[in-house]
Amino acid sequence: MDAVILGRIGYDLYSEEPHVPLPRVRRFSRYLGGSSANMAVGLARLGARTGIISCLGTDSLSEFLLDFLNREKVDTAHVQTRPGYLPSLCLTEVSPPDRFPQVFYRHEAVDTLLAVRAEDLDYIASARMFITNGTSLCASPSRESTYRALERARASGCRVVLDVDYRAMSWPSAEDAGLAVRLALPFVDVLIGNEPELMLVAGASDLDGATAKLRSTGLSILVSKLGERGTRVWTGEGSVFLPPYRVEVCTTIGAGDGFASGFLYALLQGFSMEECLQYGNAAAAIVVSRLSCSEAMPTLAEVRELIDTQSRTQQ
């Protein structure tokens with residue numbers, strides 16, 4: 001495997017009524033969601049051999065989610081099932097260009113029941129890259145499973161990636177979320193987060209202070225997503241910045257998952273940091289130009305075409 005991802009697989013409902021406030025929306029379309037599942041689809045569409053470790057129920061929604069991943073050629077052999085529990089649910093209003101409020105249902109979500117087995121840890125150890133996120137640390141037993149997976153991945157020589165993925169509804173407090181991620185940092189090579197997430201993890205009041213504190217922990221790569229301003233990546237040699245690729249926005253939901261997919265795919269190929277940013281920003285731009293997260297994930301040809309188009313435009 002090129003990449004093994006541990007984390008949530010969710011069920012998303014997107015409004016089919018643009019600019020209608022969420023309380024008044026009557027028609028929705030359903031999609032696979034959850035940042036880990038979105039990234040798995042994104043990496044697979046780009047051509048990376050990708051597997052996912054997660055937990056689903058035995059209900060019809062879980063069946064849809066599993067079928068979707070299988071059709072996308074994501075290895076689901078390590079997705080466990082827990083009868084009587086349901087995947088998390090997210091409803092999203094679509095009011096472009098900048099209003100996309102969401103409502104999450106995550107009470108006793110089945111992904112929090114993940115209990116990694118010896119065969120799951122061996123699966124992680126066989127991969128070139130292991131990816132997980134902060135939401136997997138929000139409750140037991142998935143919290144302990146995630147720490148065990150991080151420990152095994154690091155000991156096995158995998159490149160370990162953690163996306164902060166802070167979701168307030170999953171945590172008793174922001175402080176608890178920050179602490180949980182900080183405890184994971186000794187095992188992490190690549191940390192990805194937006195400005196509020198990096199400040200949360202570092203316990204800092206500004207991005208510069210957060211960046212300094214996080215870089216001092218020994219991270220080899222720190223990715224700072226700056227929204228409409230672009231993305232900056234810090235390595236031992238300094239930092240590289242790339243502004244976003246400009247497209248017409250359909251919905252910004254999933255931009256971070258698209259970026260991570262493109263960036264990590266390029267990292268797996270051994271590309272330079274500037275090229276990794278190009279792949280990440282291009283994938284994110286394509287995702288925001290479409291509805292949904294998972295089905296919006298681009299192919300490798302689409303990403304390369306946008307990079308080429310942007311390069312010609314800037315000449």
Scan the stretch 271-297 residue by residue and report those that are part of a loop (DSSP other than H, G, I, E, B) and either touching a residue at least 24 places away in the same chain (Cβ under 8 Å) or open to solvent by less than 10 Å² (accessible area, probe 1.4 Å) (or both). 289, 290, 291, 292, 293, 294, 295, 296, 297
Looking at the stretch 35-60, which of the residues that are surrounded by fewer than 16 Cβ atoms within 10 Å (Cβ to Cβ) and touching a residue at least 24 places away in the same chain (Cβ under 8 Å) is farthest from residue 9 (Cα to Cα)? 47
Exactly one condition in (1) open to solvent by less than 20 Å² (accessible area, probe 1.4 Å); (2) farther than 24 Å from residue 142 by Cα; (3) outside any loop (DSSP other than H, G, I, E, B) is false for residue 32; which is it? (2)
Just to verify a result, which residue in the stretch 198-218, among those that are under 20 Å from the mean Cα position of the chain (by Cα) and open to solvent by 20 Å² or more (accessible area, probe 1.4 Å), is farthest from residue 310 (Cα to Cα)? 200
Among the listed residues 300, 268, identify the single one that is under 17 Å from the mean Cα position of the chain (by Cα), touching a residue at least 12 places away in the same chain (Cβ under 8 Å) and open to solvent by less than 70 Å² (accessible area, probe 1.4 Å). 268
Return the residues of the stretch 112-138 that are open to solvent by 30 Å² or more (accessible area, probe 1.4 Å) and either basic (Lys, Arg) or part of a loop (DSSP other than H, G, I, E, B) (or both); say none if nothing qualifies. 115, 117, 126, 128
Counted residues, the stretch 139-157 - those being over 12 Å from residue 8 (Cα atoms) and open to solvent by less than 10 Å² (accessible area, probe 1.4 Å): 4
Would a scan of the stretch 156-171 turn up a residue that is closer than 19 Å to residue 128 by Cα, in contact with a Phe, Trp or Tyr (Cβ under 9 Å, 6 or more places away or on another chain) and small (Gly, Ala, Ser)? yes
Just a yes or no: is a residue in the stretch 144-153 outside any helix (DSSP H, G or I) and over 11 Å from residue 7 (Cα atoms)? no
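The values are calculated or read from the model by the stated rules, or taken from the named source; none is laboratory data. Computed from a predicted structure; not experimentally measured. Positions of Cβ are generated from backbone atoms using ideal geometry, with glycine treated the same way; all protein chains shown enter the neighbour counts. Please note that ligands, DNA and RNA were not included when accessible areas were found on the heavy atoms of the full protein model with its side chains. Shrake-Rupley method; radii C 1.70, N 1.55, O 1.52, S 1.80 Å.
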